[in-house]
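Student: Sending over a structure as C-alpha cells; questions will come in a sec.
What follows draws every value from the coordinates through simple rules; no lab data is involved. These figures come from a predicted structure and were not determined experimentally. For neighbour counting, all protein chains shown are included, and Cβ atoms are generated from backbone atoms with ideal geometry for every residue, glycine included.
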Amino acid sequence: MKKLSLLLLCALLSCSGTPPMKIVAHRGYWKADGAVQNSIASLKAAGEIKVYGSEFDVWLTADGRMVVNHDADYNGLEITSSTFDALRQYPLANGEPIPSLEEYLEAAQAYPALHLVLELKSNYQAAYDSAAVAYAWNKVSEYGLADRTTYISFSFEACRLFAKAGGDVQYLGSDRSVDELHAAGITGLDAHHSLYESHPETVSQAHAAGMTVNAWTVNEKADALRLRALGVDMLTTDEPAGMNYLRW
Ligand code: MG
C-alpha cells in the first residue's frame, strides 16, 4: 500500500508540469552531527541523506598537493604558499585532518549515487589554474569518479580548461554571457540565485544552448520554489535535508 501511494505521488508530480530539481549540499551536509564544512564527515552525511550531489572546495598547495577548504587561508596559513604538511598540523574543528583531495575522493567512492561538485578555488594566475585543473582532473579520473563529477569555478580560465579536457563544467560568475560560456565549451551556469530572478531569460537561453542551470546558495523554501518555477535545474544549499520537497 505504501509502495502504491509512493507510485501515485510520483505520477502526480510528473504530471504537474513542474520540472524536478536536483539538490546539491553546499560544502557537504555540514550541519549534520559531527560534521563541519568541507570535512569528509560532511561528504558522508550528504551521501547518507541521498541528496543528488555534494559540493566541496579545493586549493593547490605550494608543494603541488590539493586540499579541501573554502577560504584561501587555513589557521593563518595561505594555502597556495604553504606545504601540505604545514597545513596538516591543524585539524578541522571536528577533529579530522584537513582532507587531501585523494582522501575526499576515496570517501566518495562509498556513495556511488552521489554526484560530486568540485569547486576549484583560484588565485587567477594562469600557471596555477593550469596546474590545479590538471591535478583535479587526473585525480578524479584515477579514482573512477569522472562520470559523476561536475567542475565549477569563479575562474573562467579554469572552467575553460576543464571544458577543453571534456568535463561537465558550470561557471560560477555572472559576468559572462551564455553565448560566451557556450563558445568556450562550458556546459552550465552556476550563478547566485539573484541573477536568475533579475534576468529569468538567462535560464531559457542556457537551456536553448543545451546547458544546465545551477543556483547558489539557496536556503529559503520560497526562493527555492521561485527558482524551480523559473526552470532552474539544480540548487546548491546549506539545508539539503530541508529541501526534500524539491527532489526528483
Ligand atoms: Mg564552493
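Student: Can you work out the Karplus-derived ³J(HN,Hα) for every residue in the stretch 157-170? Use 6.51 cos²θ - 1.76 cosθ + 1.60 with θ = phi - 60°, whole Hz, and x for glycine or proline.
Tutor: 4, 5, 4, 4, 5, 4, 5, 4, 6, x, x, 7, 9, 10
Student: If you take the beta carbon distance between Q125 and E197 as r and set R0 to 30 Å, what does 1/(1 + (r/R0)^6) give as a FRET efficiency, to the nearest 0.05? All intermediate terms of the calculation are to be shown ahead of the outcome.
Tutor: Values: r = 33 Å, r/R0 = 1.11.
Rounded to the nearest 0.05, the efficiency is 0.35.
Student: Further question: In the chain, how many lysine pairs have Cα atoms under 21 Å apart, counting only pairs 8 or more places apart or on different chains?
Tutor: Eligible lysine pairs with Cα atoms under 21 Å apart amount to 14.
Student: Now for a separate question. For the chain, give the magnitude of the charge dipole about the Cα centre (Cβ charges: +1 Lys/Arg, -1 Asp/Glu; no others), in debye to the nearest 20.
Tutor: 940
Student: Oh, and also: Quick one: Kirkwood hydrodynamic radius for the stretch 41-144, alpha-carbon pairs, angstrom, one decimal?
Tutor: Mean inverse Cα-Cα distance, inverted, gives 14.1 Å.
Student: Can you list the residues, at least 5 places off or on another chain, whose amide H is less than 5 Å from the amide H of I186, using H built in the peptide plane?
Tutor: none
Student: Please list, ordered by chain and number, the residues whose modelled amide H lies under 5 Å from the amide H of V213; skip anything fewer than 5 residues away on the same chain.
Tutor: Answer set, sorted by chain and number: L189, D233, M234.
Student: Another question, then. Please give the helix 2-15 orientation as an angle from the longest Cα principal axis of the chain, in degrees from 0 to 90, rounded to the nearest 10.
Tutor: Once rounded, the angle reads 90 degrees.
Student: Assign one of three labels to the stretch 2-247, namely rounded, prolate or oblate, based on the Cα gyration tensor with a ≥ b ≥ c the square roots of its eigenvalues; rounded applies when a/c is under 1.5, prolate when it is not and a/b is larger than b/c, and oblate otherwise.
Tutor: Details: a/c = 1.94, a/b = 1.31, b/c = 1.48.
Taking the square roots of the gyration eigenvalues as a ≥ b ≥ c, the stretch 2-247 is oblate.
Student: Hey, another quick one. Which listed residue (T61, T187, L120) has the Cα farthest towards the positive end of the charge dipole for the stretch 2-247, taking +1 on Lys and Arg C-beta and -1 on Asp and Glu C-beta about the Cα centre?
Tutor: Toward the positive end, the furthest listed residue is T187.
Student: Comparing A191, A215, A127, which has the greatest mean-square fluctuation in the GNM of the chain with Cα pairs linked when under 10 Å apart?
Tutor: A127
Student: Right, next: Using helices alone, I'd like the mean residue ellipticity at 222 nm for the chain: each DSSP H run of four-plus residues gives -39500 (n - 2.57), total over residue count, nearest 500.
Tutor: Calculated mean residue ellipticity at 222 nm is -10500 deg cm²/dmol.
Student: Once you've got the GNM for the chain with C-alpha springs shorter than 10 Å, pick whichever of G188, G53, G95 has the biggest mean-square fluctuation.
Tutor: Looking only at G188, G53, G95, the biggest GNM fluctuation is shown by G95.
Student: Write out the chymotrypsin sites (Phe, Trp or Tyr not before Pro) in the stretch 92-140 meeting two conditions: DSSP loop, and at most 13 other Cβ atoms within 10 Å of their Cβ.
Tutor: In loop regions of the stretch 92-140 (DSSP not H, G, I, E or B), the sparsely surrounded chymotrypsin sites (Phe, Trp or Tyr not before Pro) are Y124.
Student: What residue among D168, D85, D190 has the largest mean-square fluctuation in a Gaussian network model of the chain, using Cα springs under 10 Å?
Tutor: Between D168, D85, D190, it is D85 that shows the largest mean-square fluctuation.
Student: Something else about it: How about the stretch 154-247: which GluC sites (Glu not before Pro) there are in a DSSP loop, with at most 16 other Cβ atoms within 10 Å of their Cβ?
Tutor: Filter output for the stretch 154-247: E220.
Student: For the stretch 168-217, what does the alpha-carbon gyration tensor say about shape, rounded, prolate or oblate, given a ≥ b ≥ c as the root eigenvalues, a/c under 1.5 as rounded, and a/b over b/c as prolate?
Tutor: Prolate.
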